[in-house]
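Novice: Here you go, one structure.
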Amino acid sequence: MISRLLMSVSQNEIERTSERTKIGLAGAIKNGHIPHIAPLGYKRENKKLVVDYSTKDIVIRIFDLYYNGYSYQKISNLFNKEKVLGKDNWRDSTIMGILENEIYKGDFVHGKKTKHPTYYENVVEPIISKEMWADCQVQKKKNSRSYQRTLTYLYLQKLKCPKCNRILGGKATTKKNGNAYFYYYCNDCKIEFKEKVIIDYFSQFINELVEYDSVVNQFFLPMIKQKFDEPKEQLEKEIKEQNNKLERIKKAYINGVFELKEYNEEKKIVETAISELQNKLETTDCTEELKFTPKDILLKRDIDFINKVKLEKEYKARTKTWKDYTRQEQADLIMKYVDDIELALVGKEIIVNQINFRESICKPCQELYDNGYIDTTKPMILGNVLGSVRFSNYLPEEEVGEIIMRLRQYYDVGYTEATYYVDKQMFYFNFAEDNSAIVRVFPLEDYYKLDPDNKMETYRFGIIYINEEDRFQMQEIDTAFEYIPDESNDSVIYTKDTTPISVGVKPVKFCEENAQEKN
């Protein structure tokens, strides 16, 4: 009896100790103390896992390459060729492990290989967004390790059979004149249709998608993201740590710890990291100095619209549209933005039911639109003619006045107001008589909050427009395409009334030339 009692007490104590250990471990994980070797892109600081700014871009690049269709093997071969981190032994299993690791989106799974793993969310600073991580998990089904096509299919892996919901295959025929014609099919359901069916549907908005990609993703968001993701203080701290590491390597070599070959290899890795961090610091300095904001996105799109009207020849010469893209470039854009395309069968005809865009692309776009910093095209009645106008969401009056004054540094834009009749869902305004073109229409109040049930009879809207006789005020036409008016111009008085102002500009896109000019 005593023996059993002692065993029972011992077992109870073991279970209590185990429970306390689990609770302590869970608390430590939630505070960033991850019980594993720091993965690529992270390092330990005060026993916590923190972002390693000297290697985090390698992780980001791996996710970007995979997101854009590269396989594990292709990424590892590329890294071996470039000798990333001075290594030529990158393996596809290494790439796969990085892409499947939840730590890069800020989460951690403890006991991943057990029957009952524990999932912890938001325990460390993420390197990539949760949306990007999820997109790459979906991409596993779409990337192939060894299969390469000789022809480019724009919508491959994006189309599902309207009957059985399986991914459609692609095939092509090449005529004697060299032209290739593409088809998509389902063997099981005996469905086949031309690629033109999808292209005709895409043509309704594809140029707007190209413009959005060019203005938002290529120009402004990378710089805005750089400003917040790589703060100057953190980069300076990382450069100091790498310099200290370089000094330790030198001392180790002097003391005979390293051979000359090993010393040179380690030295090269650290010097490369310092060089990359220094470049990022210079870019961040320039980004902070230029002070790009979401308002700049709306302003650039307004200027592009005016340039399209007033400088049509120059605009076409400088602007790349969808039809100017190669098939590979078109496929890359579709891969980047489109998750899948839903089809429907009407009789014997295949039609496009819906296009589902990637959440990681839609989310920032929707946030910009909700906050009034990006426009969309909407059908409206212009006089007696059915047309379309560029519409943006509500912005405070002070910000509207600022944008108008910045536009006036380039063009004699006008401002007026109009009444929108809710029940008829149309405007009645006519600019045809004075040869005016509407740049953008926007609500003067936040009607989503004021009138969620659409019970008001009328809404007040502001209209920015240009006259046929307006003149471009810059000496060089290139300025209208490569620069935007600077909001920090002290001579600008924010008002919707016409006010004479002097011109101050800043580059649209950061480049080395801009940095040299500022130095």
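Novice: Looking for whichever is buried (at least 17 other Cβ atoms within 10 Å of the Cβ) and either outside any strand (DSSP E or B) or modelled with pLDDT under 85 (or both) here; the options are I341, I297. Which one fits?
Specialist: Details: I341 fails: either outside any strand (DSSP E or B) or modelled with pLDDT under 85 (or both).
Just a single option satisfies the conditions, and that option is I297.
Novice: Shifting gears a bit: Restricting to the stretch 138-188, and then to whatever is among the aliphatic types (A, V, I, L, M) and outside any loop (DSSP other than H, G, I, E, B), can you tell me which residue is modelled with the lowest pLDDT? Give the steps one after another, and end with the answer.
Specialist: If we filter the stretch 138-188 for residues that are among the aliphatic types (A, V, I, L, M), which is where we start, we get 138, 151, 154, 156, 159, 167-168, 172, 180.
Narrowing the set further to residues that are outside any loop (DSSP other than H, G, I, E, B) leaves 138, 159, 167, 172, 180.
Values: V138: 75, L159: 88, I167: 81, A172: 88, A180: 86.
Step by step, filter the stretch 138-188, then rank; the result is V138.
Novice: If you don't mind, there's one more thing I want to ask. How do the helices (runs of 4 or more DSSP H) wholly within the stretch 1-90 filter down when requiring 3 or more residues that are modelled with pLDDT under 85, in contact with a His (Cβ under 9 Å, 6 or more places away or on another chain) and not hydroxyl-bearing (S, T, Y): which remain? Working first, answer last.
Specialist: Values: elements: 2-30, 56-67, 72-82.
Here the list reads 2-30.
Novice: Still on this model: Are any of the residues in the stretch 199-210 at pLDDT 75 or above, surrounded by 14 or more Cβ atoms within 10 Å (Cβ to Cβ), outside any helix (DSSP H, G or I) and in contact with a strand residue (DSSP E or B) (Cβ under 8 Å, 6 or more places away or on another chain)?
Specialist: Looking through the stretch 199-210, none of the residues is at pLDDT 75 or above, surrounded by 14 or more Cβ atoms within 10 Å (Cβ to Cβ), outside any helix (DSSP H, G or I) and in contact with a strand residue (DSSP E or B) (Cβ under 8 Å, 6 or more places away or on another chain).
Novice: For E233, only one of the following conditions fails: (1) modelled with pLDDT of 70 or more; (2) under 30 Å from K43 (Cβ atoms); (3) within 24 Å of the chain's Cα centre (by Cα); (4) surrounded by fewer than 17 Cβ atoms within 10 Å (Cβ to Cβ). What is its number?
Specialist: Unmet for E233, out of (1) modelled with pLDDT of 70 or more; (2) under 30 Å from K43 (Cβ atoms); (3) within 24 Å of the chain's Cα centre (by Cα); (4) surrounded by fewer than 17 Cβ atoms within 10 Å (Cβ to Cβ): (3).
Per-residue answers, yes or no, for (1) at pLDDT below 85; (2) under 22 Å from Y155 (Cα atoms); (3) in contact with a strand residue (DSSP E or B) (Cβ under 8 Å, 6 or more places away or on another chain):
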{"position": "N307", "(1), (2), (3)": "no, no, no"}
{"position": "Q328", "(1), (2), (3)": "yes, yes, no"}
{"position": "F357", "(1), (2), (3)": "yes, yes, yes"}
{"position": "P364", "(1), (2), (3)": "yes, no, no"}
{"position": "N371", "(1), (2), (3)": "no, no, no"}
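Novice: If you don't mind, another one. Name the single residue that is farthest from the chain's Cα centre (by Cα) among those in the stretch 473-516 being modelled with pLDDT under 75 and of a type in the set (F, W, Y).
Specialist: Restricting to residues being modelled with pLDDT under 75 and of a type in the set (F, W, Y), the top hit is Y494.
Novice: Give the residues of the stretch 95-123 that are assigned to a helix (DSSP H, G or I) and surrounded by 17 or more Cβ atoms within 10 Å (Cβ to Cβ), sorted by residue number. Outline the logic, then answer.
Specialist: From the stretch 95-123, those assigned to a helix (DSSP H, G or I) are 95-100, 102-105; that's our starting set.
Within the stretch 95-123, I95, M96, I98, L99, E102, I103, Y104, K105 qualify.
The values are calculated or read from the model by the stated rules, or taken from the named source; none is laboratory data. This structure is a prediction, so every number in the text was calculated from the model and none was measured. Glycine also receives a Cβ, built like all others from the backbone with ideal geometry; neighbour counts cover every protein chain displayed.
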